[in-house]
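Following this message is one structure expressed as structure tokens.
The values are calculated or read from the model by the stated rules, or taken from the named source; none is laboratory data. Not measured: the values here are computed from a predicted model. Reconstructed Cβ throughout: ideal geometry from the backbone, glycine too, with neighbour counts over all protein chains shown.
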């Protein structure tokens, strides 16, 4: 039992990380139908920028600036790359390939520019301070991650449900052409969803950089699990993605009770394949939609 | 915010993404040897020409990614040897040596691609590293008859890869067994093992587990972890519950550094142990690594080497890896000279391998001799401890 | 400016008159998915008119409306609104100049409530507000918190028309609003179109298939076939049979 609870806690940490990446991707995908794989690069950028900026700034401002720069990167990708491409008729798979190209380029720029070593952000000693929770424990950085993930998620859901801008994003997700027909500019929505989605991913990237260091290729790993979460959660459902990401994180850790770590991800992949074969709409179809509707 | 359509596209694209990412599309490579496919001298496939102005040898190791710390040592040792040979007028006083390096990130796929490129450039002698990568290259090297030198990887399987792979480093079997024996001598009764699921990590686990139980020790728990992973806390939590006297790490590079930090972060004060590969700068600088016991292969190069190295790299040559790669290049020069002196006009990989076996014992920069026993160097092993950020001999 | 279409006297007369038409299409060409759909449409709509556009499927009726709004790019010719060139103007700007479109399908956001949907159409300076809408369609007042996606087809069509009206447009473009509706609802939709035309002075261009209904409500009838205007005449001068011949 001791062990089980600790594994749950660890799973919550992993789930929070997946959730930040997944919810950002779900938001962007729902609104734009862009398979924005360069989201992985924005995640990595959060970590790399923070690492780089701590040479010039104290940790707090460096992290804030890093998240901001990552948001700029995400917005730049849509306004300078995807949007012009779409205007010339590129969509779907073409856009995905362009995004993949951007991911590879950005990854390599960071590797070349910031050196080969893992980019380990010196967050300060508070980060690794042990926080006792009953007979179990986490480090302060992990607790902060969980809190931030839930706050950002709650904030996003509120924003979407309660504000005019949020409703515009929802409207655009449902019927992009009609947004123009009622006289609104779709560019605004693109900037907003890419900015918000990138912010979430960048925060996850900063955490990874502070915990174990950002490395080339790490973004892709998190991205794949996150896309799984988005599909399981029901494509386009923010709440579904969040819950599914948390479940994946929990499952990945709790499965350690019965199998070795090299099998847990494989087991999750198998479960995932079974799930999308049985229910391509994801798990979320009924439940989370109601939650969302009333939110 | 739900969308009803487009599921199939996402699923397809997700699968495609996974495939692309798994196949290692993000490989970056850079040659440090500059342009020009100059294997120099020989006709393709036949080898280097004796008396050529220049010959090229290859280097395949991580210049980026979690294992890049090792790559820096491998590069330093190799570059210094190349420089020393060229400064002295080249091999046989006439043939300059050129080094072509590709970044493998310690992964097999990019290594195989780079290796095949080198082979088609006519390169006959390639320095490699890392167990998974080298094991992937060994059969190709045997097939192409190109000599593969490993000075960094220690998986036991590397001892059985045929006549074209030579290890200038003792294999893990020797080190893990020595670690198990010395821990038992210190009176350690039980141990838990966490290892990464690559060839190196698995070999470390297997050897230690076998030797330790043979010596009457008890293994309380074994957990695997993803190679290049980030979060090992859940496995550590599980092992902690088994209450061992020592935690043995079957992991190297950044993985070992992260594991060491995370052991302490979960509030576990168990003593740690690992083999010599753990002693990278990041680990030595990590306060959580204080007191970690490790095996070492004493590396005591001469004064000249020490000074030259310090001048060039601004630090003392502390890692034995440097010596393994320096030796790897020197062995090439000696074998090359021997083949040419025997009257041959070209130097093929096969001829180099034969010459190496014939010579058998080489002078080593370690300050001792290096003898290949069935393709693997034998060197002495001792127990040490990390104290004050440095490797100190254990009492 | 010359027109070779038969029965084109009315349009020609409108053009020669001194008042600027609210909407003028001049030899407009447009393509959809690489296929030419409009092949030189010329048409004037005067302020306050109720014009019906008839034609069978694929004749280019919907494309005509979408081209006016800037949703389909113009390949040739010119479109002007009250004398101002809007040929290349982006859709949101055209809408802000007072043009509203009720598209043939999904003229609403199904994942938002009725009230939210109506808000999207609203303009601060408009004469038509929520009160006027709820007067036109009382049921929307009761259902204002309901998600549009959960409503019946007829109710959704009311929402779509209401969104378009909320911007108090000068020109209302209706794209087959009666498709798939029960007869009593069709009558109600036509009634509302007439009502906004007469009460609020909104110029209406109605694309329809239902000839009988059109002849009851419109002031002028335009028939389009193969991307060209085949007939343009006051409703008093045409009969259903005459239209059938042209279709």
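So residue A:211 ticks every box in (1) closer than 22 Å to residue A:47 by Cα; (2) touching a residue at least 12 places away in the same chain (Cβ under 8 Å); (3) surrounded by fewer than 24 Cβ atoms within 10 Å (Cβ to Cβ); (4) at the interface with another protein chain (Cβ under 10 Å from one of its Cβ atoms) but one. Which box is left unticked?
(3)
Going through C:58, C:48, C:76 one at a time, which residue ends up being part of a strand (DSSP E or B), away from every other protein chain (no Cβ under 14 Å) and more than 28 Å from residue A:168 (Cβ to Cβ)? Spell out the reasoning first.
Values: C:58 fails: part of a strand (DSSP E or B); C:48 fails: part of a strand (DSSP E or B).
Checking each option against the conditions leaves just C:76.
Could you check residue B:343 against (1) closer than 30 Å to residue B:179 by Cα; (2) at pLDDT below 90 and say which number it fails?
Only one criterion is unmet by residue B:343, namely (1).
Read through the list (1) more than 20 Å from residue B:324 (Cβ to Cβ); (2) surrounded by fewer than 18 Cβ atoms within 10 Å (Cβ to Cβ); (3) assigned by TED's automatic domain parsing to the domain that holds residue B:61, then give the number of the only condition that residue B:122 fails.
For residue B:122, the failing item is (2).
Restricting attention to helices (runs of 4 or more DSSP H) lying wholly within region A:65-168, give those where 2 or more residues are surrounded by 15 or more Cβ atoms within 10 Å (Cβ to Cβ) and within 17 Å of the chain's Cα centre (by Cα).
Counting at least 2 such residues, we get A:93-114, A:140-162.
In addition: Of the conditions (1) closer than 28 Å to residue C:63 by Cα; (2) away from every other protein chain (no Cβ under 14 Å); (3) buried (at least 16 other Cβ atoms within 10 Å of the Cβ); (4) touching a helix residue (DSSP H, G or I) at 6+ places or on another chain (Cβ under 7 Å), residue C:104 satisfies every one except a single condition; which number is it?
(2)
Rundown of residues vs (1) in contact with a strand residue (DSSP E or B) (Cβ under 8 Å, 6 or more places away or on another chain); (2) at pLDDT 90 or above; (3) assigned by TED's automatic domain parsing to the domain that holds residue B:163; (4) surrounded by 14 or more Cβ atoms within 10 Å (Cβ to Cβ), yes/no style:
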| residue | (1), (2), (3), (4) |
| --- | --- |
| B:307 | no, yes, yes, no |
| B:333 | yes, yes, yes, yes |
| B:360 | yes, no, yes, no |
| B:393 | yes, no, no, no |
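Which one is farthest from the chain's Cα centre (by Cα), of the residues in region C:113-122 that are crowded, with 22+ Cβ neighbours inside 10 Å and at pLDDT 90 or above? Spell out how you get there, then give the answer.
Residues of region C:113-122 crowded, with 22+ Cβ neighbours inside 10 Å: C:114, C:117-118, C:120-121.
Pick out the ones that are also at pLDDT 90 or above and you get C:114, C:117-118.
Numbers: C:114: 22, C:117: 20, C:118: 19 Å.
Top of the filtered list is C:114.
Just a yes or no: is a residue in region C:123-145 at the interface with chain A (Cβ under 10 Å from one of its Cβ atoms) and at pLDDT below 90? Even if it seems obvious, please write down each step before you answer.
Narrowing region C:123-145 to residues at the interface with chain A (Cβ under 10 Å from one of its Cβ atoms): C:123.
Applying the additional criterion that residues be at pLDDT below 90 yields C:123.
Scanning region C:123-145, I find at least one residue that is at the interface with chain A (Cβ under 10 Å from one of its Cβ atoms) and at pLDDT below 90, so the answer is yes.
Here's a follow-up. Return yes when residue C:95 is in contact with a strand residue (DSSP E or B) (Cβ under 7 Å, 6 or more places away or on another chain), surrounded by 23 or more Cβ atoms within 10 Å (Cβ to Cβ) and closer than 16 Å to residue C:172 by Cβ and no when it is not.
no
Give the residues of region B:256-279 that are in contact with a strand residue (DSSP E or B) (Cβ under 6 Å, 6 or more places away or on another chain), at pLDDT 90 or above and within 11 Å of chain A (Cβ to nearest Cβ), sorted by residue number.
Scanning region B:256-279 gives a single hit, B:259.
In addition: Has region B:101-109 got at least one residue that is more than 24 Å from residue B:317 (Cβ to Cβ) and without any contact (Cβ under 8 Å) to a residue 40 or more places away in the chain?
So far as region B:101-109 goes, yes, one or more of its residues are more than 24 Å from residue B:317 (Cβ to Cβ) and without any contact (Cβ under 8 Å) to a residue 40 or more places away in the chain.
Report the residue count in region C:129-147 for those that are surrounded by fewer than 15 Cβ atoms within 10 Å (Cβ to Cβ) and either outside the structural domain of residue C:107 (by TED's automatic domain parsing) or part of a helix (DSSP H, G or I) (or both).
6
Could you list all residues from region A:240-268 that are more than 8 Å from every other protein chain (Cβ to nearest Cβ) and either touching a strand residue (DSSP E or B) at 6+ places or on another chain (Cβ under 6 Å) or under 15 Å from residue A:17 (Cα atoms) (or both)?
Those that are more than 8 Å from every other protein chain (Cβ to nearest Cβ) and either touching a strand residue (DSSP E or B) at 6+ places or on another chain (Cβ under 6 Å) or under 15 Å from residue A:17 (Cα atoms) (or both): A:241, A:242, A:243, A:244, A:245, A:246, A:247, A:248, A:249, A:250, A:251, A:252.
Picking from B:288, B:241, B:282, B:211, which residue would you name as being out of contact with any strand residue (DSSP E or B) (no Cβ under 6 Å at 6 or more places or on another chain), surrounded by fewer than 24 Cβ atoms within 10 Å (Cβ to Cβ) and more than 11 Å from chain A (Cβ to nearest Cβ)?
B:211
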